[in-house]
Each structure stands twice: as C-alpha cells, then as structure tokens.
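Below is one structure, written out as structure tokens; the observations come after it.
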Amino acid sequence: MKSCPTLLALLLGVAVSPAGAQAPSGLRSEPDELPRFKLRQLVLRRNEALMKIPGPWLRAAAALAPESLTIRAYRRAAIASGVEPLEGDELKSNRSHHVMGLYRRKELLAASQRTLESIRSAIPSDSVRARFDGIFRPAGMWIVDLHDAALASARRRSPDLDWDAARPALIAAHWMAADETVSEEALPRALYSLAVLAQNDSTAFAAARLRLSRADSASSRAVLLLLQGYAEGRLWYAAALNFFLREPWLNGLGGASIRDRVKSEWAALSAQPAAPPVPAIQPRWFGYPQAVPRYGVPAELVQQIVAAESPSASAWLDRNGQANLLRALKRLPPGDTNLALLRTKRETLRLTTVSRRARESLNGFLEPEDAIVIDPAYMPVLALSAIVHEWQHLLFHRAQLEMLAQSITGENLLQVELPGVQPYLAEGFAEWSAERILAPLAQRWPLLALGELEKRADMVQRGADEQHVLGYALVRALALQIQEPARVTALLIQHAEQPSRVLTHPGVRKAWARYRRSPDRTLSGPAYGTLIPEVTFTIENGYPDVVTTRILVPGTGDAAR
C-alpha cells in the first residue's frame, strides 16, 4: 500500500471546524463518540475511447446534413410560433438576449401570451387551471417571464411603479445611455444586469448602488424595488417551470404531465419502472441563458463511495441521512489550488478534492440530489425544452451510476472509478430524447421547442462539429437504423464508456458497412484523469475533521474498482 504524506500535507491541509460554529440546519446532535467515515479513493479517468468518434458513425451522421436539418427546423418553429427567425450575424449576436426576452421583447411577449392562453384553454381540470392562473395570470394580468414577475413583485409595494421610474437613476449611474428609449428592452436589460452583478460581485454592486444613491432619490428607490422584485422573481420562475414539469396540464398528448411523458420514454429500460423524480429547479444568475444538470448520487452508490467506520457513524447516518453526509463531504478541506499530478507507468492523474471538484464544475460533484441550475431570465416557455434536455442528461448518468453500483462487489473495496461519457453522444442523446418527449407538445405549441432549436441554429453557424449539432446527428443516425427508441437508449448507456462498441450491433454494422474505412475523429479533451485520495474523517456538528488521507497508487495491485 503506497501513500504520499508530504504531497498530501501540501495538497489537502487539515479540516478545522469554525470556532463557535453551529451545526448546519437539519442535523441532529452527535453521540459522545464522534462518527467516523471513510471516503474511498475516487478516480475519473481520461478514457481515450471517449475522445474519439468512430469513423463509420461519423460518416453516417454527415449523410444526414445536420447543418441544413437544424436551420430548417428552427425556421419552421419560429414561423409557426409567430416569431421572426433570427438570421446570420443577428442570430450570433442576439440569441442570448432573445430567449431572455431582452431582444424583440414585444414580439416574444405576444407569442408567449398566445401560447399560454392556448395551454390554459386545453387544461382539462379546473383545479389545475386555477394553479396555472395563480402563477401566470394572478389578478387577471399575464406574467410570462422573470421581467414581468419582477415588475409585479415591485408593484405590490408600490402600485403605481413602472419601468420608466427607474430610468433617471440608471442613466445617472451609467447603466443606461441617455438616448435609450425602448423601455420594453433597455430598462429590463439594465436591471437584469444589476441583479446578476448583485449576486456575483458584491464589491462591484456596492459601488453601483452608491452611484445609484447619488441620483434622483425617487428613481433610486424604484431601481431598488425592482431589484428586489428580480430576487423574488426567482421563486416565481421555479414555480412556473415546476408547473410545466409536474402538473397534469396535458390533454390527449400521451400523458397527463411532462413527468408522465418522461416516465413513458424510460419505462422500457426497467423491469419495475417508477416515475423518475422531477429534478429540483435551482435558479441562478449566470448572465446568459444557461441551464446545467447537477448530478445526484444513487443511494446504493453512496454506500460504496462513503463507508461508515464505526457504530456511531451508522447511527449518525440513520439520523441524518445520505444527503447530509454528501453535504459534509463538500466541507472537507479544498486543498492547494496548484496543479499536483500523480504519475504512474500507466497514466497521469490530477490530484484534487471533493470540495474543489464541486466548485470547479458547473455540474457539481457528488450532489445530494438531481437538480437543474438555470438562469431565471430564460423565458419559461422557451426554457422548457432546455429543462427536459438537462433532465435527460441526469437520467442517462443516473443509469450509468446505478449500473456501476450493481457491478461493485467485495467488502475490501479500496477505489471507485466513476464512469465518463463521450461528450458528443451525451449532448446528442439529450437533444434527441428531449425532442421525442416534447414532440406532440411542440406540434401543438411550437414555441415550446423554439429555445433549443434556436440554440442549435446558433451553434451550427459557429461550426458543424459543435457537440449538440453533431451529437444530435450521430444519435439520430443510430436511431434511424435501430428504430426502437428504448433499444437506442439502452445501447448508448451500455457503451457510454466505449462508444465504438455500438458499431458491433448487427443492424448497425450491416447498414454502415460501406463506411467501414472512414477514419475516426480525435477530439480535444482533458489532459489528465482525476484522482481524489481516500480520506478518513469524523463529523462533529455537521463539519468533517480529517483523520488520515492516503493515495492508493493505481496499477500497483493496491487499488480496486
């Protein structure tokens, strides 16, 4: 068994609970003996197979002409929605503001309201319609996006408030040009930018607020009221998306809710299909229309990753649950941010820690639940397709992790190797699967598909090799040969870490035989795999304290998957 104490002392440090710190909310008191746990060593390899697209598959995808396919689909959906398609440089420069209701706002508000009115009229239940009205049409006035919600919230404190009341202070503080007069876009855009600043740079926001305070006092107060409205609007936004995902608002469209449609899409993959839990919607200010999945860990895999090392640890886990154990892992020392590498005969691994890995990745790491983090300015009717897309990422990766948990055997487990996925296939699968789930809805309400289609149309102009565009063509080419969607999904999950094995499927091998000499394409990817050392720790008042840390050098016979 090999360890590296000098390097670990530099890299990982020692965990110290803050003096006088209170236990995080929801945690129960500790027994006299501190609970002791072991985080097993984790490896995220840089799998060379994940950095290639097999040549025959690439050639089959190219035959579909993904560029023209993407542009045509986007234009059809835009025209059917009553929205003028963005073209050329306009698409490149204004797509982000467009889907956030900050470009051609008047047109988008009208299209969103028409779509919501049509959805409302189709809701089969009076009680569901009442919940819909409570979110989108309280007091008979439509609220279709975050900017509407912010203004409505501010008006509860100041009923006569309008956007123009904020103009003098925004101009004086240089957040708007004096000649900007289109309040439908310029004012919400400036206030949204301030809201993003307040969340992401408190020092810069304090300076901006000081400048605002020196302007017209009534206008400054209007700005602050509207900013408070934006903060509160995040709750409205989560409620709006949760309505679409959870509530039975569909009528004769293959399920009562989008959750039902997702369940149907995945049911054939499980002997005992259960309704997949709706991921938590977590609004966050990105400053652009971003949505990302944060991957939770299945309960059976948590047991393999973190072991209770004492009776008090088992008791702590019974009282506080796996979610709080995973949260405690994030409080382990982050270690030195300098690049530290472990070189073996077989590979080079970057050394890191759970907390640092979680901070560095938009997807988080070892999260206590599946979640989708999304900028709340992404208009709900446009963001719905993005949310279903990210949900497919979550379900695909959860299936991988569940397979991993089932494959792990033995009591003397030393290391867990977490699976990867080829990025083009991951994005392509999510695009293809979400499109299938939303197809009947998009046919009736084309605006619901426009957000993702506009994203792909923008990306294809930046390069036909973009992951979403080419990935969609790859998965679609596979689906054209296999025909059964459940078999396509199962095949992709089975070979997620070795995509070339998809070509061994008899039907695929025969159909693509004429492409067999096509060269593979090598992709750029991370330079190193990642290793998180084994850590033994105790927990007191929710905070971990490191007892020992060691590296089990892969390839020496001391590490096991």
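Considering only residues that are more than 21 Å from V83 (Cβ to Cβ), part of a helix (DSSP H, G or I) and not β-branched (V, I, T), which ones fall in the range 430-467?
Within the range 430-467, A430, W432, S433, R436, R462, Q467 meet the criteria.
Look through A204, A178 and report the one residue that is under 30 Å from A371 (Cα atoms) and open to solvent by 20 Å² or more (accessible area, probe 1.4 Å).
Every option except A204 fails the conditions.
Quick check on the range 83-103: of everything there that is open to solvent by 40 Å² or more (accessible area, probe 1.4 Å) and either touching a residue at least 60 places away in the same chain (Cβ under 8 Å) or among the acidic types (D, E) (or both), which residue is nearest to A291 (Cα to Cα)?
By that ranking, first place goes to S96.
Out of the range 503-520, which residues are outside any loop (DSSP other than H, G, I, E, B) and open to solvent by 80 Å² or more (accessible area, probe 1.4 Å)?
The answer is T504, P506, R509, K510, R514.
Test L235 against the stated conditions and say whether it is modelled with pLDDT of 95 or more, assigned to a helix (DSSP H, G or I), open to solvent by 40 Å² or more (accessible area, probe 1.4 Å) and farther than 30 Å from I493 by Cβ.
Values: modelled with pLDDT of 95 or more: yes; assigned to a helix (DSSP H, G or I): yes; open to solvent by 40 Å² or more (accessible area, probe 1.4 Å): yes; farther than 30 Å from I493 by Cβ: yes.
Here the answer is yes, as L235 does meet what is asked.
For residues in the range 364-422 being among the β-branched types (V, I, T) and not in a helix (DSSP H, G or I), which is nearest to L42 (Cα to Cα)?
Filtering first and then ranking leaves V416.
I'd like the residue in the range 383-396 that is touching a Gly at 6+ places or on another chain (Cβ under 9 Å) and of a type outside the set (S, T, N, Q) and, out of all such residues, is surrounded by the most Cβ atoms within 10 Å (Cβ to Cβ).
Top of the filtered list is A383.
Within the bounds of the range 486-501, is there any residue that is among the basic types (K, R) and assigned to a helix (DSSP H, G or I)? Talk me through it step by step, then tell me what you get.
Restricting attention to the range 486-501, the residues satisfying the condition of being among the basic types (K, R) are 487, 501.
Applying the additional criterion that residues be assigned to a helix (DSSP H, G or I) yields 487, 501.
The answer is yes, given that some residue of the range 486-501 is among the basic types (K, R) and assigned to a helix (DSSP H, G or I).
Select from the range 427-456 the residues that are among the small types (G, A, S) and without any contact (Cβ under 8 Å) to a residue 60 or more places away in the chain and write down the one among them that is nearest to L116 (Cα to Cα).
Taking the candidates together, the pick is A439.
Which residue out of A457, A426, A473, A477 is buried (at least 19 other Cβ atoms within 10 Å of the Cβ) and either under 20 Å from the mean Cα position of the chain (by Cα) or of a type in the set (K, R) (or both)?
Every option except A426 fails the conditions.
I'd like to check which helices (runs of 4 or more DSSP H) are fully inside the range 166-226 and have at least 3 residues that are aliphatic (A, V, I, L, M) and closer than 20 Å to A149 by Cβ.
Once the helices (runs of 4 or more DSSP H) in the range 166-226 are filtered for at least 3 residues that are aliphatic (A, V, I, L, M) and closer than 20 Å to A149 by Cβ, what remains is 186-200.
Could you please tell me which pairs satisfy a Cβ distance under 8 Å, a separation of 6+ or placement on different chains, a first residue in the range 522-540 that is more than 30 Å from G55 (Cβ to Cβ) and part of a strand (DSSP E or B), and a second residue that is among the hydroxyl-bearing types (S, T, Y) and at pLDDT 90 or above?
Partner pairs satisfying both residue conditions: L531/T352; I532/T352; I532/T353; E534/T549; V535/T548; V535/T549; T536/T548; T536/T549.
Only one of A152, A80 is touching a residue at least 12 places away in the same chain (Cβ under 8 Å), open to solvent by less than 80 Å² (accessible area, probe 1.4 Å) and either of a type in the set (F, W, Y) or in contact with a helix residue (DSSP H, G or I) (Cβ under 8 Å, 6 or more places away or on another chain) (or both). Can you tell me which? Spell out how you get there, then give the answer.
Values: A80 fails: either of a type in the set (F, W, Y) or in contact with a helix residue (DSSP H, G or I) (Cβ under 8 Å, 6 or more places away or on another chain) (or both).
A152 is the lone residue from the list that is touching a residue at least 12 places away in the same chain (Cβ under 8 Å), open to solvent by less than 80 Å² (accessible area, probe 1.4 Å) and either of a type in the set (F, W, Y) or in contact with a helix residue (DSSP H, G or I) (Cβ under 8 Å, 6 or more places away or on another chain) (or both).
Of E435, E497, E484, E466, which residue is surrounded by fewer than 23 Cβ atoms within 10 Å (Cβ to Cβ) and over 24 Å from the mean Cα position of the chain (by Cα)? Quick ask: steps written out before the conclusion?
Details: E435 fails: over 24 Å from the mean Cα position of the chain (by Cα); E497 fails: over 24 Å from the mean Cα position of the chain (by Cα); E466 fails: over 24 Å from the mean Cα position of the chain (by Cα).
Exactly one of E435, E497, E484, E466 is surrounded by fewer than 23 Cβ atoms within 10 Å (Cβ to Cβ) and over 24 Å from the mean Cα position of the chain (by Cα), namely E484.
The values are calculated or read from the model by the stated rules, or taken from the named source; none is laboratory data. Computed from a predicted model, the values in this text were never measured in an experiment. Positions of Cβ are generated from backbone atoms using ideal geometry, with glycine treated the same way; all protein chains shown enter the neighbour counts. Remember, those area values only see protein heavy atoms, side chains included, never the ligands or the DNA or RNA. Shrake-Rupley method; radii C 1.70, N 1.55, O 1.52, S 1.80 Å.
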